[in-house]
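The values are calculated or read from the model by the stated rules, or taken from the named source; none is laboratory data. Just so it is clear, the model here is predicted, and its values are computed rather than measured. Quick reminder, even Gly has a Cβ in these numbers, built from the backbone with ideal geometry, and neighbours come from all protein chains shown. We work out accessible area using only protein heavy atoms, side chains counted, and drop any ligands, DNA or RNA first. Shrake-Rupley method; radii C 1.70, N 1.55, O 1.52, S 1.80 Å.
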Amino acid sequence: MAARSIASLTISFGMVSIPVKLYSATEASRAISFNLLHKACGSRLKQQYFCVKEEVPVAREDMAKGYEFAKDQYVTFTPEELKAMEEAGTHSAEITEFVPLKTVDPVYFDKAYYLGPDKGGAKPYALLARALRESGRCALGRWAARGKQYIVMIRPVEDLVEGLVMQQLLYAGEVRSIRDVDIPKTEVKPAELKLAQQLIEQQASDKFDPGAYTDEVRARIEAAVQKKVEGQEVTMAEPPETGAQVIDLMEALRASLGKKPAKKAEPAKPAARKAAKK
């Protein structure tokens, strides 16, 4: 089934403009979700908002949005004020620079969209995709939509066809630094490193194949739902046994590689005493 575009926009850099169509790269509808029901009668529950001060339900028309600038102190905004602060939506993604693809840490990756050429854009689209792939670079720029401004990265992807992906990126202030994590400085011995590298090579693949991974939890839930629909009871599986804690790093690496554990050196026997001369 052919994908349906969700928007049209123009990629622009310098004097070049490429009309493209936007397609969602992921399917949020594939996620399994559960509804809250009344246990007594099985009816859906309706969410209500309560005022913590007056302890009464509040209707949506009596709500206002506020920003907490200090403990329990808020400034409120009207819908008109919030609308005035929104970024005006544009139908273009303006490229500001080209950087090596490997320099963009995937920790900044957010939502992804596929880009397809729109009417009259096939030739420049193919040219940009090929140029980015052969240069090892990606395009960075800005895109405004839904009242917000996004950093976007346009990168090449090759899967039978040469295409482009537009990846929303997080801002620097939205990503925490690894320096915030307490990582003690630890010595790595050459022998340990060699075994670890051998283990990596033993399980190495030439490329990532997403089809090799299946969501086993989703499959269990779907099977359980089907049993419930058919009037069966769901039985809980026994939790898997957890392995003992490994203390010896070298032995753990050797075991992973299928090697025999190293023999421990036997303690040296004490030398026999010479008989005393008479």
Practice prompt. Just name the residue that is surrounded by the fewest Cβ atoms within 10 Å (Cβ to Cβ) out of those in segment 33-47 that are basic (Lys, Arg) and in a loop (DSSP other than H, G, I, E, B).
Written response: Lys46
Worksheet item: How many residues are part of a loop (DSSP other than H, G, I, E, B) and open to solvent by less than 90 Å² (accessible area, probe 1.4 Å) when one looks only at segment 58-91?
Response: 9
Discussion item. Taking the criterion of being more than 30 Å from Leu140 (Cα to Cα), assigned to a helix (DSSP H, G or I) and not hydrophobic (A, V, I, L, M, F, W, C), would at least one residue in segment 92-112 satisfy it?
Written reply: no
Discussion item. Taking the condition of being open to solvent by 100 Å² or more (accessible area, probe 1.4 Å), part of a helix (DSSP H, G or I) and among the acidic types (Asp, Glu), how many residues in segment 190-216 meet it?
Written reply: 2
Practice prompt. Kindly establish whether Ala144 is open to solvent by less than 80 Å² (accessible area, probe 1.4 Å), closer than 17 Å to Ser12 by Cβ and either free of Cβ contacts under 8 Å to residues at least 24 places away in the same chain or not β-branched (Val, Ile, Thr) (or both).
Written response: yes
Fill in: Search result, residues across segment 7-32 that are open to solvent by 100 Å² or more (accessible area, probe 1.4 Å) and assigned to a loop (DSSP other than H, G, I, E, B)
Met15, Glu27
Worksheet item: Give me the pairs: first residue in segment 15-35 and among the aromatic types (Phe, Trp, Tyr), second residue surrounded by 10 or more Cβ atoms within 10 Å (Cβ to Cβ), beta-carbon distance under 8 Å, and six or more apart or on different chains, which are they?
Response: Tyr23/Ala3; Tyr23/Ser5; Tyr23/Ile6; Tyr23/Tyr113; Tyr23/Tyr114; Tyr23/Leu115; Tyr23/Gly116
